[in-house]
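Okay, so here's the structure we're looking at.
The values are calculated or read from the model by the stated rules, or taken from the named source; none is laboratory data. Just so it is clear, the structure is predicted and the values come from calculations on it, not from any experiment. Every residue, glycine among them, receives a Cβ derived from its backbone with ideal geometry; neighbour counts consider all protein chains shown.
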Amino acid sequence: MTSGGLLRAVAGTAILGGLGLPVLLGLGHGIAAAFGHFPAIGAHGPDLRPWRELLEMPGLGRAVLLALWTGMAATGLSFLLATGTLAALHGRGAARGLRRVLAPLLAAPHAAIAIGLAFVLAPSGWIARALAPLLGWARPPDIATTGDPLGLALILGLTAKELPFLLLMFSAALTRIPVGAQMAAGRALGYGRTAVWLWVLLPQFWPQIRLPVMVVLAFSVSVVDMALILGPSAPPTLPVMIARLSSDPDLQALLPASAGGVLQLVLLAGTFAAAAVLARIAGAAGRAFLRRGHRLRGTGRTLALLPAASAGIVLMAFLALAALLVWSAAFSWRWPELFPAQLTWRHWLDAGRWGWPAGASALIALASTGLALAAAVAWLESADRLGRRGRDRWLAAAIHVPLLLPQLSFLTGLSGLMIRAPLPPLAAVIWGHWLFVFPYLMIALKGPWEAADPRLECSAAALGAGSWRRLWRVKLPVLLAPLLTAAAVGFAVSVAQYLPTLFLGGGRIETLTTEAVALASGSDRRVAAVHAVLQALLPWGAFLAALAVPAILHRERRGLGGAA
């Protein structure tokens, strides 16, 4: 067997055995448990009792509607704002700085953004404090600004986190379309910017952005950590209800929890189908309007409102991060003062409280990211050596499965399998994080890897360098910036993981994310803010390292010092 074949066999076994097979096993075990078959806890099915127990839970119907409403509303709003913002700004100077502005929000974990937003939106938060002198509020208003029954705060939080992601994904997709030429042709025929985007560009654009939109939809409908912090609680959303069942001390609760995971899977499949139908209806309507020659004149001002709305959402997210910093150092902060009267570093100096979760988060993130990076490099390099670049569609499907399935649908099953597995909790959590780190890292690395100039490797081969030497001495140094950027993405994904840590660690592994979510509902905002700030600082440190290391190592090599 050639070196490429051996490398591919090892990488393929690791990917299928470590990612595809466990997800399928977890899904299968969860479905079996949903119908009463869970031998590890003495349940032998088939039995419909788990479904009866689930359906008898108070507030289940409203929990289902809340999950669908908040998830679909947040995804639709994020899609509308991202598309409208790019339509209004593309080709103008304001669009060039998007990556720099949005990078801190992309790196910040979901839970950190949610905790910061809770500080901003709360009845005693920054917005209420700013309005208090104008409205004469002597005490915080009795208004449900977080945890509201309609889930509006959760929709805002999800939009604040997913809008930057979609903006960057959409910006990358636009590079594959000759936007300037098609815009000029459309304007020459009398169509305005809005009409050209809707009738000409969006139909070409949608197939390339469909997958990121579906990933956002899957996350938004099944989110737990943000829903625990910002969402309603009586009843909560369906994912929160299932997560609470899964962590019940009574192991028999795993059966209705598994039924809930299957229900979550069915609901997500329904939302995917609804999104596909809406896309077809929108396409048919667009073609009908185009045939009738609608120019959509007078929509320029409406289109200009979308970047302003996006800027407001992004500003709210930055306010959330600023609120975390202020609360983490606040000592005395009375109503309605905008800033604390006195600052303290007491909670930061209490390393005994946050030191272990921070160390565990960094260790798990480094381990899962290192394993994912090794697997990704092995797979991409083997494809190059065997001349199979871009031919393995099964891999593209496999790596997206964990991102498109609700985590609860297979993590409940995996947590059940862990009852008898001899895997230590820390190793199980690292592996659980790897399930989600590898897909994101692979997506971030695949494009730059395939865009590398093949002539460099050909020149090294002509000088007598073997395949391994070309990899270590030519390809990896040239791709150092995108490699580290992809690793930083994977590191950030790992730090943000909540459910894999909770389920696969059995509650015995404390990370900044699990502690921050647990502390968010506590009485001491300062301790929660310290954990949330640290949770954001770890990914920011990884991205700064990804920028600094290539710049230092390649400072004398023009073109190699910048991040991809």
Pairs needed: first member in segment 249-260, not assigned by TED's automatic domain parsing to the domain that holds Gly506; second member anywhere, surrounded by fewer than 17 Cβ atoms within 10 Å (Cβ to Cβ) and of a type in the set (A, V, I, L, M, F, W, C); C-beta distance under 6 Å; at least 6 residues apart or different chains. Leu251/Ile41
The lone condition Ile177 fails out of (1) surrounded by 17 or more Cβ atoms within 10 Å (Cβ to Cβ); (2) farther than 30 Å from Ala320 by Cβ is (1)
Subset of segment 35-57 (residues that are within 34 Å of the chain's Cα centre (by Cα), assigned to a helix (DSSP H, G or I), touching a residue at least 12 places away in the same chain (Cβ under 8 Å) and under 11 Å from Pro256 (Cα atoms)): Pro50, Trp51, Glu53, Leu54
Residue check, Glu510 modelled with pLDDT of 90 or more, in the same structural domain as Ala362 (by TED's automatic domain parsing), outside any helix (DSSP H, G or I) and out of contact with any Leu (no Cβ under 8 Å at 6 or more places or on another chain): yes
For segment 419-438: of the residues being buried (at least 21 other Cβ atoms within 10 Å of the Cβ) and either in a loop (DSSP other than H, G, I, E, B) or among the small types (Gly, Ala, Ser) (or both), which is nearest to the chain's Cα centre (by Cα)? Gly432
How about segment 292-303: which of its residues are under 23 Å from Ala160 (Cβ atoms) and either surrounded by fewer than 15 Cβ atoms within 10 Å (Cβ to Cβ) or modelled with pLDDT of 85 or more (or both)? Thr302
Condition first: under 28 Å from Pro140 (Cβ atoms) and assigned by TED's automatic domain parsing to the domain that holds Ala185. Can you find one or more residues in segment 292-308 that meet it? no
Search result, residues across segment 310-344 that are exposed (fewer than 11 other Cβ atoms within 10 Å of the Cβ) and hydrophobic (A, V, I, L, M, F, W, C): Phe339, Ala341
Would you point out which residue out of Leu441, Leu476, Leu483 is within 15 Å of Ala374 (Cβ to Cβ) and exposed (fewer than 14 other Cβ atoms within 10 Å of the Cβ)? Leu476
Residue check, Ala67 closer than 27 Å to Glu515 by Cα, crowded, with 18+ Cβ neighbours inside 10 Å and in contact (Cβ under 8 Å) with a residue 40 or more places away in the chain: yes
Scanning segment 454-466 for residues that are surrounded by fewer than 17 Cβ atoms within 10 Å (Cβ to Cβ) and within 15 Å of Arg385 (Cα to Cα) gives Pro454, Arg455, Leu456, Cys458, Ala461, Ala465, Gly466
